[in-house]
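Nothing in this text is a laboratory measurement; each read-out follows from the coordinates by a stated rule. The shown structure was predicted, so the numbers you read here are calculated from the model rather than taken from an experiment. For neighbour counting, all protein chains shown are included, and Cβ atoms are generated from backbone atoms with ideal geometry for every residue, glycine included.
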Amino acid sequence: MWRGAVARVLRSGGTGNSRFVSGTAAVVEFRRRLERELEDIRGAGTWKSERIISSRQGPHLRLEGGGTGILNFCANNYLGLSSHPEVIRAAVEALEKFGAGLSSVRFICGTQSIHKDLEEKIARFHQREDAILYASCFDANAGIFEALLTPEDAVLSDELNHASIIDGIRLCKANKYRYKHMDMQDLEAKLQDAQKHRLRLVATDGAFSMDGDIAPLREICQLAQKYDALVFIDECHATGFLGPSGRGTDELLGVMDKVTIINSTLGKALGGAAGGYTTGPKPLIDLLRQRSRPYLFSNSLPPAVVGCASKALDLLMESNAIAQSMAAKTQRFRSKMTAAGFTISGKDHPICPVMLGDARLAAVMAEDMLNRGIYVIGFSYPVVPKGKARIRVQISAVHSDEDIDRCVEAFTEVGRKHGALP
Ligand code: PLP
């Protein structure tokens with residue numbers, strides 16, 4: 001029967017859209033409205049297009065229709081593990097041994113030994129009591145606040161926190177306070193106001209992905225202690241590479257014993273496949289398994305994905321050489337770009353935003369960088385504040401010194417050409 005349906009769609013010249021178009025007046029009007037909205041997005045200059053990569057993720061890419069040997073400076077592949085041969089082999093082995101997927105949520109029939117092993121490994125890596133896996137860190141952030149906080153509680157959130165934290169907080173019924181970005185005076189004032197609530201949870205990104213700046217966790221933890229609050233950090237842009245052994249922002253700033261809850265991703269430095277997690281006290285993790293909706297009502301992580309993350313953690317626990325190599329490359333890029341006359345936001349983080357101010361300048365320079373074989377992305381309003389457009393460069397442990405130098409040279413040429421440098 002489905003063969004007939006497919007043949008009808010093919011004869012109609014598409015994927016079935018013709019049926020959609022010739023639907024009721026409501027459907028026709030709906031489609032017009034969607035098209036108007038899409039036009040508005042294009043008109044506002046905020047359309048996000050996707051370049052198609054026809055090679056593996058890595059420092060050197062092949063882009064569809066765009067030549068080979070493109071130098072990639074815009075992935076979150078901080079440690080270069082996305083295409084690491086051992087990570088790939090671990091995925092293939094897990095696929096062969098445990099199959100393509102579980103066709104089930106965890107509590108029905110979706111938990112394998114590899115899921116439990118990975119949770120144990122994540123907890124050990126972060127030196128916490130337990131961990132719980134999610135399909136993504138977006139899900140981990142969507143699930144945690146609603147499961148933990150009630151109208152009796154309060155959550156205090158940095159105004160520049162990631163969209164998934166903002167959405168997760170929206171879903172909970174706690175009292176909401178938003179403090180100014182990394183402003184400890186404002187956080188203290190909000191904590192004082194929040195004393196009337198049963199529990200206070202301060203929620204912040206460990207490292208902020210648009211600016212490459214790092215939350216002042218020592219001060220946050222001191223305030224949390226003073227006002228009897230808990231601290232939650234999202235470590236997506238820190239896990240695996242910040243701190244002497246890559247444990248993250250809490251290790252970097254010496255507060256591993258003061259941060260109560262960590263959410264992070266398996267989709268960036270830890271192999272780059274997909275997945276997220278929460279790690280922290282055991283009763284908290286036990287409660288999330290009972291109450292957290294994205295965990296309870298979504299499929300288990302596929303074995304190949306579990307295999308990638310598990311191997312990435314093994315590599316990191318064996319040696320911190322990869323994390324240190326990334327730190328040295330970051331330092332090389334930041335100091336050479338600063339010497340060339342550019343302003344790089346943030347400090348010591350592989351996210352290196354080259355601050356340009358003007359949105360058009362950021363767009364044309366990013367385009368011209370690609371003409372020179374360097375793939376970087378310009379960000380402008382509304383992703384970043386008006387007047388703070390930038391090109392975000394991300395350094396990876398697998399960039400060579402020559403790659404970094406080529407990128408700096410291209411920036412210098414393009415910057416001079418477009419007036420960003422004298
Ligand atoms: N939190 C932060 C700070 C992020 O940058 C991201 C991804 O962009 C996420 C959460 C979501 O992570 P995932 O891709 O695992 O859903």
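What to note about this one:
- FRET efficiency, Ser54 to Leu199 (Cβ-Cβ, R0 45 Å, nearest 0.05): 0.35
- The stretch 378-406 and the stretch 313-332: distance between their alpha carbon centers, rounded to Å: 20 Å
- Stretch in the chain that is longest and holds no chymotrypsin sites (Phe, Trp or Tyr not before Pro) that DSSP places in a loop and that have at most 12 other beta carbons within 10 Å: 48-296
- Zero-based 10 Å bins, Cα pair distances in the chain, whole percents: 4, 19, 27, 26, 17, 6, 1, 0
- Each Cα pair under 8 Å and six or more residues apart adds its sequence gap; the mean of these over the residue count of the chain is a relative contact order of 19 percent.
- Taking 0.36 nm per residue of separation and subtracting the current Cα-Cα distance, fully stretching the chain between Gln222 and Glu29 would add 63.9 nm.
- Mean separation of Cα contacts under 8 Å (6+ apart) over length of the stretch 85-318, as relative contact order %: 31 percent
- A Förster distance of 22 Å, applied to the separation of the beta-carbon atoms of Thr46 and Cys74, puts the FRET efficiency at 0.80.
- Mean ellipticity per residue at 222 nm, deg cm²/dmol - from DSSP H runs of n ≥ 4 across the chain, formula -39500 (n - 2.57): -13500 deg cm²/dmol
- A full extension of the chain between Arg124 and Met184 corresponds to an added length of 18.5 nm, given 0.36 nm per residue minus the alpha carbon distance.
- Remark: the Cα gyration tensor places the stretch 85-318 in the prolate category, a/c being 1.5 or greater and a/b exceeding b/c.
- If R0 is taken as 56 Å, the Cβ-Cβ distance between Asp167 and Asp401 corresponds to a FRET efficiency of 0.90.
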